[in-house]
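So the structure is just underneath, and the comments pick up after that.
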Amino acid sequence: MRRFAAADLPDALPIFPLGGALLLPRARLPLNLFEPRYLAMLDDALKTPERMIAMIQPAEGPNGTSRLHSIGCAGRITQFSETDDGRYIVSLTGISRFRLIEEIDGFTPYRRARLDWGSFGRDLGGEEKDTDFDRPAFLKLLSRFFDNAQLSSDWDSLKEADEELLINSLSMLCPFEVEEKQALLEAPSLATRRETLVMLMEFALRAGDGSDSPILQ
């Protein structure tokens with residue numbers, strides 16, 4: 001996978017607003033593209049040296065209006081294939097989070113925006129560590145959360161996965177609301193993302209059993 005320096009990151013990118021779709025640095029997000037505007041976006045992105053698309057979640061504005069969250073994550077197209085019915089199955093690998101500056105008026109059928117990368121320099125480094133990660137306690141809570149949500153997983157893989165891959169993959173895959181996903185995206189470190197993930201799972205379990213007592217001991 002190509003490594004990017006801060007100077008390699010473009011000032012503007014196509015943006016793909018998609019609620020509930022979370023991309024994090026060094027993680028992979030599968031996309032199923034079929035709308036003509038997003039097929040055009042893919043074709044144009046593949047013609048650039050960076051091959052990047054900026055993922056961002058929509059948010060509710062004042063009086064029910066729609067807006068975009070201020071922070072998203074850009075991904076590089078690392079794999080794609082075309083289906084028999086004209087759809088594209090795309091894999092984005094997260095490169096760096098960004099802050100949205102402004103949308104750009106133009107003639108493309110998809111949206112574009114100027115981005116600021118300055119607050120997220122650590123995203124371009126190597127794998128992040130969480131030195132306080134208690135894997136057995138975390139997996140115990142995760143098992144209860146999965147049972148409550150009627151989800152299944154490969155527990156052997158979860159026991160062996162590096163903490164960044166484990167925490168980021170669960171942040172992306174677990175069925176949280178848009179604002180909860182955004183909180184996971186905006187967490188300043190892997191440790192704070194893990195703490196946020198634990199809080200969200202505990203909240204879901206307490207909501208399910210009507211308890212106010214802590215879940216993770």
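Overview of values
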quantity	calculated
Residue tally, condition among the hydrophobic types (A, V, I, L, M, F, W, C), surrounded by 20 or more Cβ atoms within 10 Å (Cβ to Cβ) and either touching a residue at least 60 places away in the same chain (Cβ under 8 Å) or outside the structural domain of residue 90 (by TED's automatic domain parsing) (or both), over region 30-58	3
Verdict on residue 207 being in contact with a helix residue (DSSP H, G or I) (Cβ under 8 Å, 6 or more places away or on another chain) and of a type in the set (Gly, Ala, Ser)	no
Inter-residue pairs, beta-carbon under 8 Å, first outside the structural domain of residue 162 (by TED's automatic domain parsing) and of a type in the set (Asp, Glu) and in region 130-150, second in a helix (DSSP H, G or I) and crowded, with 18+ Cβ neighbours inside 10 Å, 6+ apart	130/163; 130/164; 130/167; 130/190; 130/194
Residue within region 17-26 that is charged (D, E, K, R) and farther than 23 Å from residue 187 by Cα present	no
Check on residue 145, surrounded by 14 or more Cβ atoms within 10 Å (Cβ to Cβ), in contact with a Leu (Cβ under 8 Å, 6 or more places away or on another chain) and closer than 26 Å to residue 73 by Cα	no
Some residue of region 110-121 being modelled with pLDDT of 95 or more, within 30 Å of residue 13 (Cβ to Cβ) and aliphatic (A, V, I, L, M)	yes
Helices (runs of 4 or more DSSP H) wholly inside region 135-196 containing at least 1 residues that are hydroxyl-bearing (Ser, Thr, Tyr)	135-149, 155-160, 163-173
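The values are calculated or read from the model by the stated rules, or taken from the named source; none is laboratory data. The shown structure was predicted, so the numbers you read here are calculated from the model rather than taken from an experiment. Using ideal geometry, Cβ is built from the backbone for each residue, glycine included, and neighbour counts are taken over all protein chains shown.
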